[in-house]
1. Using a basic spin-label model with each label point 7 Å from the Cα along Cα→Cβ, how many nm lie between E232 and W35?
2. Only sites in a loop by DSSP and with at most 14 other Cβ atoms within 10 Å count here; which GluC sites (Glu not before Pro) in the stretch 1-108 make the cut?
3. Please compute the length gained on full extension between R157 and E258, using 0.36 nm multiplied by the number of residues separating them and subtracting their Cα-Cα distance.
4. Measuring from a point 7 Å past the Cα of R294 along Cα-to-C-beta, which residues in the stretch 209-248 have an amide N at less than 20 Å?
5. Can you pull out the trypsin sites (Lys or Arg not before Pro) in the stretch 301-353 whose DSSP state is coil and whose Cβ has at most 13 other Cβ atoms within 10 Å?
6. In which sequence would M173, M55 go, from the one with the fewest C-beta neighbours within 10 Å to the one with the most?
7. Check each of the GluC sites (Glu not before Pro) in the stretch 309-379 and keep only those in coil by DSSP with at most 11 other C-beta atoms within 10 angstrom; list them in order.
8. If each of E322 and R15 carries a label point 7 Å out from its Cα toward its Cβ, how far apart are those two points in nm?
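None of the figures in this text is laboratory data; all of them are computed from the coordinates on show. Source: prediction; values computed, not measured. So basically every Cβ, Gly included, is an ideal-geometry build from the backbone, and we count neighbours across all protein chains shown.
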Amino acid sequence: MAELTPRQIVKELDRYIVGQDAAKRAVAVAIRNRWRLQQLPEDLRKDITPKNIIMIGPTGVGKTEIARRLAQLVGAPFLKVEATKYTEVGYHGRDVESMIRDLTEIAIGLIRQEQRTLVETQAKEKVSERLLDLLLPSSNSWDPEKPEENERHQRTRDKMKARLEEGDLEDRMVELTVEQKAVPVQIFSNLGMEQMDVDFQSMFEKIMPKQSQQRQIPIKEARRILMEQEAEALIDRTVVTEKAIALVENQGIVFIDELDKICGPPSAHGPDISRQGVQRDLLPVVEGTTVNSRYGPVRTDHILFIAAGAFHLSKPSDLMPELQGRFPIRVELTDLKREDFLRILTEPKHALTKQYAELLGTEGVTLEYTPDGVEALAEIAFEMNRTAQNIGARRLHTILERVVEEVSFDGPDMKSKRVKIDAAYVRARLADVLEKEDLSKFIL
C-alpha cells in the first residue's frame with residue numbers, strides 16, 4: 001500500500017473499469033489516507049477516523065466493481081453485504097454486527113494463506129520424510145548394534161528420496177491414515193448462530209471423537225493431504241488471530257450495497273420491519289464500536305465503509321442525520337453512454353469480447369470481432385437500456401450471450417472454426433429481440 005499513490009491506484013482501476021473518474025479518485029484518496037494515518041504518532045492516530053463514502057448511481061455502472069478491485073489491489077480484507085438482509089434487532093434475521101464477524105473470517109483466511117507460504121519449505125521437508133516412512137516402513141527401526149544394516153537402509157532411503165523428488169513415484173499407492181471430519185451438529189436457536197458468543201460448532205468437534213480411516217491412495221494425493229496436516233501444525237494460531245484482527249481494524253473494507261432500500265418511505269401495507277431501526281443498528285458499527293467475534297473483540301473505528309445505492313425513490317438526505325454524518329464523501333456515478341459501452345467491450349484487461357473469444361478458443365473456434373460488429377453491440381446495449389430497464393453494463397452480458405449462443409452450442413461440431421462477428425451478424429442474431437422491443441412501444 002505504501003508504494004501506491006492515488007494516481008497509481010486510479011491507473012490500476014482504469015485497467016478494469018471504464019469511466020467513473022470521480023468515484024475512483026475518492027476511493028484512491030481514502031486508501032492513501034490509511035497509509036498516511038499509519039505514519040502519524042499513536043495519540044493523534046486514534047482521533048482520526050476514515051472518511052466513509054456513499055456512491056450514488058444506477059445499477060451496472062461499476063460501484064461494486066470499484067470497491068472489489070480496490071481491495072484486491074491493496075490486499076485488504078473486503079466484504080460486500082446488502083443492507084436489505086439486515087433487520088432491526090428483535091426481528092428474525094441477521095444483526096448488523098455479523099458483517100464485522102464475517103470480515104474477520106475473511107482476514108483469518110488471508111493471514112492463514114500468508115503463514116502457509118512462510119512455512120511451506122519446512123512443511124515440504126516434513127512431508128518428504130513422512131512419505132519415505134510410508135514407502136519404507138522397515139527403515140524406521142534403527143539399531144545401533146547393526147551399522148551395516150543401518151547403512152544399507154540409509155542408502156535405500158536416499159535412492160527412494162531421489163526418485164520421489166524427480167516425480168517417478170507419483171502413482172505408487174501407499175496406505176495413509178486419514179482423519180474424517182465429524183458430521184456438523186445443527187444448533188437451532190431463535191438468536192441465530194452469529195449472536196452466540198461461544199463457538200458451539202468447534203466445541204462439539206473437540207468433544208466428538210475423531211474418526212480415522214486407513215486408505216490406499218497414490219503418492220500425489222497423499223502429498224496433498226500430508227501438506228495440509230504439516231502446514232496446519234506449523235502455523236501458530238495465536239499469531240494468525242492477532243494479525244487478522246489488526247488487519248481488519250486497520251485495513252478492512254466493508255461495502256454496503258442497496259443502502260437506498262433502508263431509507264425509503266415506510267410501507268403503507270403489510271408488515272414493515274423498521275428501516276429506521278436498521279439504520280439505528282448500523283450507526284454504532286460505522287461510528288466505531290467493539291464487536292465480539294470468536295477470535296476476540298474487534299474495533300470498527302478505522303474500518304472503511306463504502307455504501308452504494310441507486311437512490312431512485314429516495315435520496316441520501318432521507319437517511320438519519322447521524323448516519324449521513326458518518327458518510328461525509330458523496331460521489332455520483334454517471335449513466336453509461338454509447339461510447340462507454342464501446343470502451344467496456346474493448347479497453348479493460350479482460351473485456352467481455354476477449355472472455356468469449358478465449359472460452360471458445362478452448363474448442364479451437366476463433367471469434368473475430370470487426371469494428372462495426374463491436375459498435376453494433378454497444379449501440380444495441382445503449383438503446384435497450386434507454387428504452388427498456390436500465391441495467392447498465394450488465395446489458396452487454398445479455399446481448400453477447402445471445403449473439404454467441406449458436407456458436408457456443410455448435411462449437412465442438414463446427415467444420416469451419418472461424419466465426420466473424422460483424423454488424424450484420426449481430427443484428428441477425430438479435431433480430432427477434434429488437435422486433436419485440438419495437439412492438440412493445442405500441443402495446444398499452
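1. Between E232 and W35, the label points sit 3.8 nm apart.
2. E3
3. 30.1 nm
4. Under 20 Å, as judged by backbone N against the label point of R294, lie 209-211, 229, 232-248 of the stretch 209-248.
5. Those satisfying the criteria are K337, K349.
6. Lowest to highest Cβ neighbour count: M173, M55.
7. Passing sites in the stretch 309-379 do not exist.
8. 4.3
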